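Heads up: the structure comes next, in structure tokens.
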Amino acid sequence: MQDEKLIDASEGPVFTVSRADGVSDIVLVCEHAANTMPQALGTLGLDAQALESHIAWDIGAAGVAERLSEALDAALVMQRFSRLAYDCNRPPEAADAYPEKSEVFAVPGNCGLSAEAKTRRAQALYHPFHDAVADLMDSRHEAGRAITLVTVHSFTPVYLGALRDGALGILHDDDPRLADAMLEAASAAGLEGVRRNYPYGPQDGVTHTLKKHGLTRQIANVMLEIRNDLISDAAGQAEWAKQIAGLLQTALADLNTHRGQLHV
């Protein structure tokens, strides 16, 4: 249940689910799709520029995820509120689920939160979102369908003054099967700037959703990180969705046909 004290009914649901009955085995998840703040939290003490910046959401990720969902006829679950209110790629016990600072921005409204305030946010934003992902996967499992988990993110070209010149990061935790196959497909296609566990890796705590829904079910899973200047407009989002759809299709065909390593 959504916490009515934090998220008013007039603000709509915490998450959206598209193409729940899509024919693809892939379930897409976009945890940082939006920069909308719950009305009860105001602006967390941030100005409009900060709330439009990458600290509030993964710029371009929702557009890529929506286009991937359409191209592949794949289910998609997206969070509708900003990661500054709650970062749904972090567990409730993680300090950066409620970030007090993001890159150069301090977040006053997240400083010194009580355990009660953190629980309130997790109940309102984290649990409904991840319950929706789990319910979708469970229904597919019960129907005897194969499942592959793909999460969609974006990253900034410069972070704390350091240039990031890669274009696409393919991240994994303890299960590298799909990442390996996608990296092979990218190399065969001559796609440049594609890197493993870039610009983050499991050591940075970014694979929570993969572990929660992928590793626990022993299904193929991968996290995608796209440089956000490449997907800041519709044309870029369409181009990268096309590229990634091709990599996913090639990689899954390889895994299913030649390696036989996928689990339901």
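The values are calculated or read from the model by the stated rules, or taken from the named source; none is laboratory data. Not measured: the values here are computed from a predicted model. Using ideal geometry, Cβ is built from the backbone for each residue, glycine included, and neighbour counts are taken over all protein chains shown.
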Filter the strands (runs of 3 or more DSSP E) completely within region 131-245 down to those with at least 2 residues that are farther than 30 Å from Ser102 by Cα and among the acidic types (Asp, Glu). none
Please go through region 1-44 and give me each residue that is out of contact with any Ser or Thr (no Cβ under 9 Å at 6 or more places or on another chain), basic (Lys, Arg) and either modelled with pLDDT of 95 or more or crowded, with 21+ Cβ neighbours inside 10 Å (or both), ordered by number. none
Pairing a residue in region 51-66 that is farther than 14 Å from Gln243 by Cα and touching a residue at least 24 places away in the same chain (Cβ under 8 Å) with any residue that is of a type in the set (A, V, I, L, M) and in a loop (DSSP other than H, G, I, E, B), where Cβ atoms lie under 6 Å and the two sit 6 or more apart in sequence or on different chains, gives Ala56/Leu84; Trp57/Ala34; Gly60/Ile231; Ala62/Ala33
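Look through region 58-86, keep the residues that are polar (S, T, N, Q) and closer than 25 Å to Gly109 by Cα, and return whichever of them is nearest to the chain's Cα centre (by Cα).
From region 58-86, those polar (S, T, N, Q) are 69, 79, 82; that's our starting set.
Now drop any that are not closer than 25 Å to Gly109 by Cα, which leaves 79, 82.
Working: Gln79: 9, Ser82: 12 Å.
Within region 58-86, the match that is nearest to the chain's Cα centre (by Cα) is Gln79.
Pull up region 193-225, narrow it to residues that are among the hydrophobic types (A, V, I, L, M, F, W, C) and within 27 Å of Arg140 (Cβ to Cβ), then point me to the one that is surrounded by the fewest Cβ atoms within 10 Å (Cβ to Cβ).
First, the residues of region 193-225 that are among the hydrophobic types (A, V, I, L, M, F, W, C): 194, 206, 210, 215, 219-220, 222-224.
Add one more test, that the residue is within 27 Å of Arg140 (Cβ to Cβ), and what stays is 206, 210, 215, 219-220, 222-224.
Details: Val206: 23, Leu210: 24, Leu215: 16, Ile219: 23, Ala220: 27, Val222: 28, Met223: 29, Leu224: 25.
By that ranking, first place goes to Leu215.
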Scan region 145-188 residue by residue and report those that are surrounded by fewer than 13 Cβ atoms within 10 Å (Cβ to Cβ), closer than 22 Å to Asn228 by Cβ and aliphatic (A, V, I, L, M). Val158, Leu160, Ala162, Leu163
Among the residues of region 45-65, is there at least one that is surrounded by fewer than 21 Cβ atoms within 10 Å (Cβ to Cβ) and over 28 Å from Val158 (Cα atoms)? no
Exactly one condition in (1) over 23 Å from Leu171 (Cα atoms); (2) in contact (Cβ under 8 Å) with a residue 40 or more places away in the chain; (3) surrounded by fewer than 23 Cβ atoms within 10 Å (Cβ to Cβ) is false for Phe81; which is it? (3)
Output yes when any residue across region 46-61 is closer than 26 Å to Ala253 by Cβ and at pLDDT 95 or above, and no when none is. yes
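Might you check whether a residue that is modelled with pLDDT under 95, on the phi < 0 side of the Ramachandran plot and polar (S, T, N, Q) occurs anywhere in region 65-82? Steps first, please.
Filtering region 65-82 for residues modelled with pLDDT under 95 gives none.
No, region 65-82 contains no residue that is modelled with pLDDT under 95, on the phi < 0 side of the Ramachandran plot and polar (S, T, N, Q).
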